[in-house]
1. In whole percent, and with a 1.4 Å probe on the protein chains, what portion of the accessible area of segment 87-182 is carbon and sulfur?
2. For segment 37-182, what does the relative contact order come out to in percent, with C-alpha contacts under 8 Å and a separation of six or more?
3. Return the distance in nm (one decimal) between the two label points of a simple spin-label model at residue 167 and residue 62, each offset 7 Å from Cα along Cα→Cβ.
Amino acid sequence: MNRRTFSGMLVGTTASMMLGCAGRTSGPTATFKSTEPADASPRSSVALYRSVGEELAHYEVNVTDVTLTKRAAVMVPADVQYAWPHPSRQYLYVTSSNSGSGASGIIGDKHRVAAYRILAGGALQAHGNPQSLPSRPIHNSVDASGTYLLIAYNNPSGVTVHRINGDGTIGEQVEQPTRLDA
């Protein structure tokens, strides 16, 4: 199976899953859990985000017509590694790096985390300044209260914790009392 076939299968699977859950999605993406009342009317479209290199594109998925339309794109500081929404569904936190996986042998020097405001309809807008990270991030997530952003690394293994400011921008890194035994 080549990359194109795999990507096509992934998009098809994602669209199929959205058809089944589109009436109960909240916020701009299909991966968000519903907070709508049980009697809410089904949505006819949801937002989908896709990245290739430094471009993070916003697509509208029309679940009624089963169509996918590119709406907008933002450029991030380097290749997107991971993205995670704030519990409020108002912000998306995106990690990026110009480093490759450990097996690739590509050692990059640009590792960042950036916040994006999710606008009406799902479009993204840069929110605050991207922050430098110590190495290539492989995962990030936000705690349930929306207070902290956790970022994981594999080379060297570790985790950093960053405060999330009240306005959704990324705050300072929280220093840990001891190094994580990874």
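1. The computed percentage sits at 49.
2. Values: 334 pairs, mean separation 22.0, N = 146.
So the answer I get is 15 percent.
3. Modelled inter-label distance: 3.8 nm.
The values are calculated or read from the model by the stated rules, or taken from the named source; none is laboratory data. Being a predicted model, the structure only gives us computed values, none of them experimental. Using ideal geometry, Cβ is built from the backbone for each residue, glycine included, and neighbour counts are taken over all protein chains shown. When the accessible area is computed, the model is the full protein with side chains, heavy atoms only, and any ligands, DNA or RNA have been set aside. Shrake-Rupley method; radii C 1.70, N 1.55, O 1.52, S 1.80 Å.
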